């Protein structure tokens, strides 16, 4: 199977290749002047393939797997490696990995020598359906998630679903918070697949996963083409994310991003119900979907002080209001500016 999509950001048309063909690294790397960034888990899994690339003088920079790698010190090391290997503005950075690799690679590509070419090859479900598409990148700073970053579009995105065999069941499952998010933002086909094809999905049935990924890509494109820089429509993609970032901070990053988004969507629904925007019937539908995919909520061990610091530094402040995306049904959400911050803090403490 092979499908080709495009999305338009200003004057740039970005192709997305979706395939289930056999993975061939040489097919991906069509430039002699390339620099590869990947993570330690993927490097071990595909060691022989990466070793062949290194033999033909493709420099490869391997970062540790996990969110802790998204820091300024790691960025400095990669800059130094780029200088060492004489990477020019005509070179291409190939980002081969999940969301962390994509975030770092995008930031590096957008800033080194004021911008060099970038190709994303996402290898996790979360990266395939969300983070690799749309040009957002960033690194964490002073303990604050994605505090420093840019918008920078790749030359191409290559999505091969066979990479999904490299990820654990936990990592695979966690990504479904983002799939559920698309369903709650009006993607009816996605919502129906989540409800009726759960068995096939968790058995990783290739044709079902392929269709689901394709639908998620199309939904993401729908938002980013209307709003490339997160000013209006694209903000809806933050459903669950404001609370998710607080959960990640409160758990000291012991809860991964996908699980945090799932819990964040649940908190958004409960909060929307409590302030009268969401009725009980739709709350039950949303919670039922989250329950079905085992996105549970347990804030009993959260560090409230870390949550407050994260809240103060959230990028979604507009004046004295914190902008939330809240569901008003199981198919639609609204932008809601909350100025009762004490009430929001008390809500978090009570849940």
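Every residue in the stretch 58-72 that is part of a helix (DSSP H, G or I) and either free of Cβ contacts under 8 Å to residues at least 60 places away in the same chain or in contact with a helix residue (DSSP H, G or I) (Cβ under 8 Å, 6 or more places away or on another chain) (or both), please.
Within the stretch 58-72, 67, 69 meet the criteria.
Among the residues of the stretch 41-72, which ones are within 24 Å of residue 248 (Cβ to Cβ) and either at pLDDT 90 or above or not assigned by TED's automatic domain parsing to the domain that holds residue 118 (or both)?
41, 42, 63, 64, 69, 70, 71, 72
Which condition from (1) out of contact with any helix residue (DSSP H, G or I) (no Cβ under 7 Å at 6 or more places or on another chain); (2) part of a helix (DSSP H, G or I); (3) at pLDDT 95 or above is the one that residue 75 breaks?
(1)
Across the stretch 151-171, which residue is surrounded by the most Cβ atoms within 10 Å (Cβ to Cβ) among those that are within 21 Å of residue 68 (Cβ to Cβ) and in contact with a helix residue (DSSP H, G or I) (Cβ under 8 Å, 6 or more places away or on another chain)?
Going through the qualifying residues, I end up with 167.
Looking at 8, 48, 32, which one is in a loop (DSSP other than H, G, I, E, B) and over 20 Å from residue 171 (Cβ atoms)?
32
If residue 40 passes every condition in (1) touching a strand residue (DSSP E or B) at 6+ places or on another chain (Cβ under 9 Å); (2) free of Cβ contacts under 8 Å to residues at least 40 places away in the same chain; (3) surrounded by 15 or more Cβ atoms within 10 Å (Cβ to Cβ) but one, which one does it miss?
(3)
Tell me the residue from 92, 139, 144, 83 that is farther than 27 Å from residue 178 by Cα and buried (at least 16 other Cβ atoms within 10 Å of the Cβ), please.
None of the others qualify; the one that does is 92.
From the list 22, 55, pick out the single residue that is more than 21 Å from the chain's Cα centre (by Cα), touching a residue at least 60 places away in the same chain (Cβ under 8 Å) and over 21 Å from residue 109 (Cβ atoms).
Answer to the check: 22.
Residue by residue, here is whether (1) over 30 Å from residue 13 (Cβ atoms); (2) at pLDDT 95 or above; (3) in contact with a strand residue (DSSP E or B) (Cβ under 9 Å, 6 or more places away or on another chain) holds:
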| site | (1), (2), (3) |
| --- | --- |
| 184 | no, yes, yes |
| 187 | no, no, no |
| 217 | no, yes, yes |
| 241 | no, no, yes |
| 247 | yes, no, no |
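Would the stretch 231-248 turn up any residue that is at positive phi, surrounded by 16 or more Cβ atoms within 10 Å (Cβ to Cβ) and not assigned by TED's automatic domain parsing to the domain that holds residue 127?
yes
The values are calculated or read from the model by the stated rules, or taken from the named source; none is laboratory data. Keep in mind it's a predicted model, so treat the numbers as computed, not measured. Note that we place each Cβ from the backbone using ideal geometry, even for glycine, and neighbour counts take in every protein chain shown.
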